[in-house]
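Report on the following structure.
The values are calculated or read from the model by the stated rules, or taken from the named source; none is laboratory data. Just so it is clear, the structure is predicted and the values come from calculations on it, not from any experiment. So basically every Cβ, Gly included, is an ideal-geometry build from the backbone, and we count neighbours across all protein chains shown.
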Amino acid sequence: MRRHSWITWLILLAGVFVVVETHPQIVPKVKNEIQTTSTKMQPYLFLIKSNIDKTISGTTTKTTNERQVGKVATPIEEPLKNMNTANTYYYHFKNNVPQNARQVFQNAIYSYNSTGIVRLIPQKAEPNQNNIIFFIYHKKIENITSSTVELGNGGPSALQLNNYAINSGRAGLNMTYPNMSVKNSVAMHELGHALGLGHSSYTNSVMYPIDQGVTKLSEADLNGLKKIYNH
């Protein structure tokens, strides 16, 4: 969190759906069954800002206590909701991703692999395999009075065939603000989106939409992953 004399910046972790480029050669007979999902970023930022304002007023703050552990699951992103998908992913970095950004993503990959629920392997995928691309981008705050800073974006994009999904996920960091975005907590959040986790209302979750510096998957986060990957 960065403070100025006239405004307090609330750091926002933004998750978006990225539409996958389809591969007609895989399923030429089922083009009509292919569904892709996309979400525009700016409307989402506005909605989250409204929620932040409510949180500041003390009306919507949620924290996880011991009684809730194991009873809740982090929400699932729409493209993977009620779908079956493989738990193995093949990933690669865009060529322009600097070493410091690669390192925080590598740390996040290690954390997710350590759960035993998913397996991320460093190589390019075949068209019919789940895959994740790690990238960087630059996006400045357009409105200087805004109370949000976009640190990254990521999300799944599913090629849906009946109840099976091939996920092409993306996870990126906003390098306009590297001192805030190149963090393990941001990488964990965006990779979580790429794997299908949605935003959580619990502050101990890596998927809470405002950066809390959380780098450990909560019990609810693990439950969400288990639901996606039938673990």
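Tabulated data
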read-out: Residue check for M207: under 30 Å from E142 (Cα atoms) and surrounded by fewer than 24 Cβ atoms within 10 Å (Cβ to Cβ); value: no
read-out: Filter pass, Q129 being outside any helix (DSSP H, G or I), at pLDDT below 95, closer than 24 Å to K226 by Cβ and not hydrophobic (A, V, I, L, M, F, W, C); value: no
read-out: Meets criteria (basic (K, R), part of a strand (DSSP E or B), under 23 Å from Q212 (Cα atoms) and in contact (Cβ under 8 Å) with a residue 12 or more places away in the chain) for R170; value: yes
read-out: Unmet criterion (only one of (1) of a type outside the set (D, E, K, R); (2) within 15 Å of the chain's Cα centre (by Cα); (3) under 15 Å from Y90 (Cα atoms)) for N128; value: (2)
read-out: Odd one out for E142 among (1) at pLDDT below 95; (2) part of a strand (DSSP E or B); value: (2)
read-out: Which listed residue, of L222, L159, L217, L191, is in a strand (DSSP E or B) and not small (G, A, S); value: L159
read-out: Given (1) under 20 Å from Y208 (Cβ atoms); (2) crowded, with 23+ Cβ neighbours inside 10 Å; (3) of a type in the set (A, V, I, L, M), index of the condition V104 fails; value: (2)
read-out: Hits in region 173-188 - residues which are assigned to a strand (DSSP E or B) and surrounded by 24 or more Cβ atoms within 10 Å (Cβ to Cβ); value: L173
read-out: Residue list for region 123-160, restricted to those being buried (at least 17 other Cβ atoms within 10 Å of the Cβ), more than 17 Å from A171 (Cα to Cα) and not β-branched (V, I, T); value: L159, Q160
read-out: Scope region 70-93; condition surrounded by 13 or more Cβ atoms within 10 Å (Cβ to Cβ), assigned to a loop (DSSP other than H, G, I, E, B) and of a type outside the set (S, T, N, Q); matching residues; value: V72, A73, P75, E77, K81, M83, A86
